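Colleague: The structure under discussion is supplied below as structure tokens; questions concerning it will follow.
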């Protein structure tokens, strides 16, 4: 990283993950208002991190991973509430101080599978503003846990000791997608993580997860999220894929997606004097062109009409 960027607070890391782009304004989003697929916001914290910086990190576009890098151990020791403040921003990872940040390490963090997919998935939904009562949250977590083994909604209903009808009512009465969509999306999520963290072919991943072939997996992924497996492999992370699914469900009327908080340029520009004078990535920058092209490609995929029923 250039020395001139060493004191900047926020950076954007996007596919193909070749450089950190200094951020000086609102982050780029897709037409649906979500983060660029596979993008991550990297936050180099100062010990005197302002409320505006905190708000900028917390209000990042939905689907964007956050990696927070702490100040030196001595500085953290003088600010015992710093970790608690950072946790309010729902980071994917909190790293100890290291200078400069290593791109390979950061990329590995983005692709790293959650230690507990079911818990982190439901935590993301709550952070996203989707209301889940205690029993529904338990059912969602259980569905994600069982998605590693189960293939059908009948099997899911038996596993949670409910009839298919009662299970369907539980979700639909709360304005949530039908249970089959939760189960099949969880399977898709597992497939995306396996694609990102192995050299396995699409056919191998599909068979590991109980699909008849790669086409069956690809067809279901496109139908539920509008995203193809080839995109899911190169756009690392999982939050953006969750957001693609939520947007898809909302567009079909099966979910009311809460409006997201917006970012203001002043939130990041006021965090650091150097940032105010730094360059805002433009359409002429190679990384920005790659990111914009990828966002357009995925947006077009999500918009494309897909055949298939919903089912319960």
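We did not get these values from a lab; they are worked out from the coordinates using the rules stated. All figures in this text were calculated on a predicted structure; none of them were measured in a lab. For neighbour counting, all protein chains shown are included, and Cβ atoms are generated from backbone atoms with ideal geometry for every residue, glycine included.
Colleague: Taking the Cα atoms of region 136-187 alone, what are Rg (to one decimal) and Dmax (as a whole number) in Å?
Modeller: Expressed in Å, the Cα Rg and Dmax of region 136-187 come to 9.6, 27.
Colleague: Which residues in region 37-53 have a backbone N closer than 19 Å to a point placed 7 Å from the Cα of residue 99 along the Cα-to-Cβ line?
Modeller: It comes to 42-50, nothing else.
Colleague: Then there's this: With contacts defined as alpha carbon pairs under 8 Å and 6 or more residues apart, what's the relative contact order of region 217-259 in percent?
Modeller: After rounding, I find 32 percent.
Colleague: Also, I was wondering about something else. Averaging sequence separations of C-alpha pairs under 8 Å and six or more residues apart, then dividing by the length of region 48-180, give the relative contact order as a whole percent.
Modeller: 17
Colleague: Another one. Rounded, prolate or oblate: which one fits region 1-126, using the alpha carbon gyration tensor with axes a ≥ b ≥ c (rounded when a/c is under 1.5, else prolate when a/b beats b/c, else oblate)?
Modeller: rounded
Colleague: Using a/c under 1.5 as the rounded threshold, could you call region 85-213 rounded, prolate or oblate? The axes a ≥ b ≥ c are square roots of the C-alpha gyration tensor eigenvalues, and prolate needs a/b larger than b/c, oblate otherwise.
Modeller: oblate
Colleague: Then there's this: Quote to one decimal, in nm, the extra length available between residue 31 and residue 19 on full extension: 0.36 nm per residue of separation minus the C-alpha distance between them.
Modeller: 1.9 nm
Colleague: Need one number: % antiparallel among DSSP beta bridges in region 34-118, to the nearest 5.
Modeller: 0
Colleague: Sort 90-102, 243-255 for me by packing, meaning the mean count of neighbouring Cβ atoms within 10 Å per residue, highest on top.
Modeller: Result, highest mean first: 243-255, 90-102.
Colleague: From Cα pairs below 8 angstrom and at least 6 apart in sequence, can you work out the relative contact order of region 29-113, rounded to a whole percent?
Modeller: 30 percent.
Colleague: Given 0.36 nm per residue, what is the gain on full extension from residue 50 to residue 75 after removing their alpha carbon distance, in nm?
Modeller: 7.5 nm
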